[in-house]
Amino acid sequence: MAEGFDLVRFADARGVPENAARLREFLAAGHHGGMDWMAERVGWRANPQDMWPAAKSVIVLGLNYGPREDPLAILAQKDRAAISVYALADDYHDVVKKKLKALAGYIFQTFQAEVKVFVDTAPVMEKPLAQKAGLGWQGKHTNLVSREFGSWLFLGSIFTTLELPPDAAEQDHCGNSRTK
């Protein structure tokens with residue numbers, strides 16, 4: 001896969017009305033707590049074309065960061081600290097953004113299409129966008145779940161003026177199970 005991404009799918013740049021409604025309900029209920037930045041630019045979050053009207057397509061990419069060994073094994077070592085797997089390597093913002101910029105540069109040079117890259121640092125709803133593009137679905141734990149990589153994906157996106165055929169959205173496969 002280009003630049004070392006494990007998954008790539010395409011979505012059109014239009015917002016999904018249900019996602020906008022869920023976001024507004026979430027904010028109205030105060031579930032965002034002290035994260036006031038979530039309420040800023042709600043339109044941008046809900047609709048990629050509100051953020052960049054020229055965008056026609058979104059290339060959504062996933063980078064697997066799943067561990068080679070059982071990450072829970074550290075819990076048996078009482079003299080060691082358990083650190084989240086994603087924090088054990090270089091900052092994923094830097095790693096993913098570098099890969100996205102290289103791929104976006106290729107797209108710009110090859111197709112003369114405008115591009116913008118995002119990795120968890122702009123008002124983009126990455127997980128719903130990834131579901132729309134078919135990478136996976138948002139689980140009850142709020143992470144994106146991929147059939148191939150589980151919840152072990154860093155997400156990044158390239159907004160572009162290219163019109164690319166969208167992939168089919170992924171359905172929610174979590175069912176009605178609930179954690180007590």
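The values are calculated or read from the model by the stated rules, or taken from the named source; none is laboratory data. All values reported here derive from a predicted model rather than from experimental measurement. Ideal geometry is used to build each Cβ from the backbone, glycine not excepted, and the neighbour counts take in all protein chains shown.
Quick test of your reading of the structure: Tyr65 fulfils all but one of (1) within 13 Å of Val124 (Cβ to Cβ); (2) modelled with pLDDT of 90 or more; (3) under 16 Å from the mean Cα position of the chain (by Cα); (4) aromatic (Phe, Trp, Tyr). Name the failing condition by number.
Failing condition for Tyr65: (1).
Just the residues that are out of contact with any Asp or Glu (no Cβ under 8 Å at 6 or more places or on another chain) and over 27 Å from Glu148 (Cα atoms), please, taken from segment 47-62.
Listed by number, the residues that qualify are Asn47, Gln49, Asp50, Met51, Trp52, Pro53, Ala55.
Here is a check on your reading of the model: is Ala76 over 19 Å from Thr161 (Cα atoms) and either among the charged types (D, E, K, R) or over 19 Å from the mean Cα position of the chain (by Cα) (or both)? I'd like the intermediate steps shown before the answer.
Numbers: over 19 Å from Thr161 (Cα atoms): yes; either among the charged types (D, E, K, R) or over 19 Å from the mean Cα position of the chain (by Cα) (or both): yes.
When the stated conditions are applied, Ala76 passes them.
In segment 106-125, how many are of a type outside the set (Lys, Arg), outside any loop (DSSP other than H, G, I, E, B) and in contact (Cβ under 8 Å) with a residue 40 or more places away in the chain? Working first, answer last.
Taking segment 106-125 as the starting set, the residues that turn out to be of a type outside the set (Lys, Arg) are 106-115, 117-125.
Then drop every residue that is not outside any loop (DSSP other than H, G, I, E, B), which leaves 106-111, 115, 117-118.
Add one more test, that the residue is in contact (Cβ under 8 Å) with a residue 40 or more places away in the chain, and what stays is 106-107, 111, 115, 117-118.
Of the residues in segment 106-125, 6 are of a type outside the set (Lys, Arg), outside any loop (DSSP other than H, G, I, E, B) and in contact (Cβ under 8 Å) with a residue 40 or more places away in the chain.
For segment 143-160, indicate whether the set of residues that are within 23 Å of Asp50 (Cα to Cα) and over 12 Å from the mean Cα position of the chain (by Cα) is non-empty.
Scanning segment 143-160, I find at least one residue that is within 23 Å of Asp50 (Cα to Cα) and over 12 Å from the mean Cα position of the chain (by Cα), so the answer is yes.
If the requirement is being among the charged types (D, E, K, R), closer than 22 Å to Val16 by Cβ and surrounded by fewer than 18 Cβ atoms within 10 Å (Cβ to Cβ), which of these qualifies: Asp120, Asp90, Asp94? Talk me through it step by step, then tell me what you get.
Values: Asp90 fails: closer than 22 Å to Val16 by Cβ; Asp94 fails: closer than 22 Å to Val16 by Cβ.
Only one candidate qualifies: Asp120.
Checking Gln112 against (1) at positive phi; (2) within 18 Å of the chain's Cα centre (by Cα): exactly one of these is not met. Which one?
In the conditions (1) at positive phi; (2) within 18 Å of the chain's Cα centre (by Cα), Gln112 misses (2) alone.
I'd like the full set of residues that are at pLDDT 85 or above, in a helix (DSSP H, G or I), closer than 27 Å to Val95 by Cβ and of a type outside the set (Asp, Glu), limited to segment 1-36.
Gly4
Only one of these is charged (D, E, K, R) and farther than 21 Å from Ala130 by Cα: Asp79, Asp6. Name it. Walk me through how you get there before you give the answer.
Working: Asp6 fails: farther than 21 Å from Ala130 by Cα.
Exactly one of Asp79, Asp6 is charged (D, E, K, R) and farther than 21 Å from Ala130 by Cα, namely Asp79.
Determine whether Gly66 is among the small types (Gly, Ala, Ser), within 25 Å of Leu162 (Cα to Cα), touching a residue at least 12 places away in the same chain (Cβ under 8 Å) and not in a helix (DSSP H, G or I). Before you say what the answer is, go through the steps one by one.
Values: among the small types (Gly, Ala, Ser): yes; within 25 Å of Leu162 (Cα to Cα): no; touching a residue at least 12 places away in the same chain (Cβ under 8 Å): yes; not in a helix (DSSP H, G or I): yes.
No.
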